[in-house]
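The values are calculated or read from the model by the stated rules, or taken from the named source; none is laboratory data. What you are looking at is a predicted structure, and each value in this text was computed from that prediction instead of being measured. Cβ sites come from the backbone with ideal geometry, for glycine too, and all protein chains shown count toward neighbours.
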Amino acid sequence: MTNLNLSLLLKRAILSEKTHKQMDQGLYTFLVDRRATKFQIAQAVEKQFQVNVLRVNVLKKPHKTIRIAKTRKTIQITGGKKATILLKKGERIEILSPKTAKESRSKSTKAAKGPNTDQEEKSKTKGKKGLLARIKK
């Protein structure tokens, strides 16, 4: 077992459309150090984000070799070790879930405005349709 620093174990969070959908279910995906074990990954996530980890799945992605045309060089891109972490039900990592924070803010601002403001905004825009209607005479 290698002695890795837990704070340097998680390289970055993988954020895509698929992972954003999984975040609603409590699944978070990270790119981790290739020498890390499942137990060390779980400890690092619990320590950094103060959450309870139920399960860790690990996947090793191979590197892709691409050739740079004019220089005749080849480089390796992507690859590494990817960890999918399942959190305890009801818990989430706030830093990685900006979508839910925005929704709660918009709900609170609508509540502050009152229910009648939505109807007023619709009635103002209802009469104007099309490009020619927007031009002032």
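Arg72 versus (1) within 18 Å of the chain's Cα centre (by Cα); (2) at positive phi: which is the lone unmet condition?
(1)
Show me the strands (runs of 3 or more DSSP E) entirely contained within the stretch 19-137 in which 3 or more residues are at pLDDT 95 or above and either surrounded by 10 or more Cβ atoms within 10 Å (Cβ to Cβ) or of a type in the set (S, T, N, Q) (or both). Reasoning before the result, please.
Working: elements: 27-32, 53-61, 64-68, 73-77, 80-87.
In the stretch 19-137, the matching strands (runs of 3 or more DSSP E) lie at 27-32, 53-61, 80-87.
Among what's in the stretch 17-60 and is touching a strand residue (DSSP E or B) at 6+ places or on another chain (Cβ under 6 Å) and of a type in the set (Lys, Arg), pick the residue that is nearest to Lys88 (Cα to Cα). Can you show your working first?
So the first thing to find is which residues in the stretch 17-60 are touching a strand residue (DSSP E or B) at 6+ places or on another chain (Cβ under 6 Å), and the list is 19, 26-32, 34, 38, 41-42, 44-46, 51, 53-60.
Narrowing the set further to residues that are of a type in the set (Lys, Arg) leaves 34, 38, 55, 60.
Values: Arg34: 25, Lys38: 16, Arg55: 9, Lys60: 24 Å.
The qualifying residue nearest to Lys88 (Cα to Cα) is Arg55.
Sort out which residues of the stretch 69-93 are of a type in the set (A, V, I, L, M, F, W, C), free of Cβ contacts under 8 Å to residues at least 40 places away in the same chain and in contact with a strand residue (DSSP E or B) (Cβ under 7 Å, 6 or more places away or on another chain), and write them in order of number.
Looking only at the stretch 69-93, we keep the residues that are of a type in the set (A, V, I, L, M, F, W, C), and these are 69, 75, 77, 83, 85-87, 93.
Right, trim to free of Cβ contacts under 8 Å to residues at least 40 places away in the same chain and you get 69, 75, 77.
Result: Ile75, Ile77.
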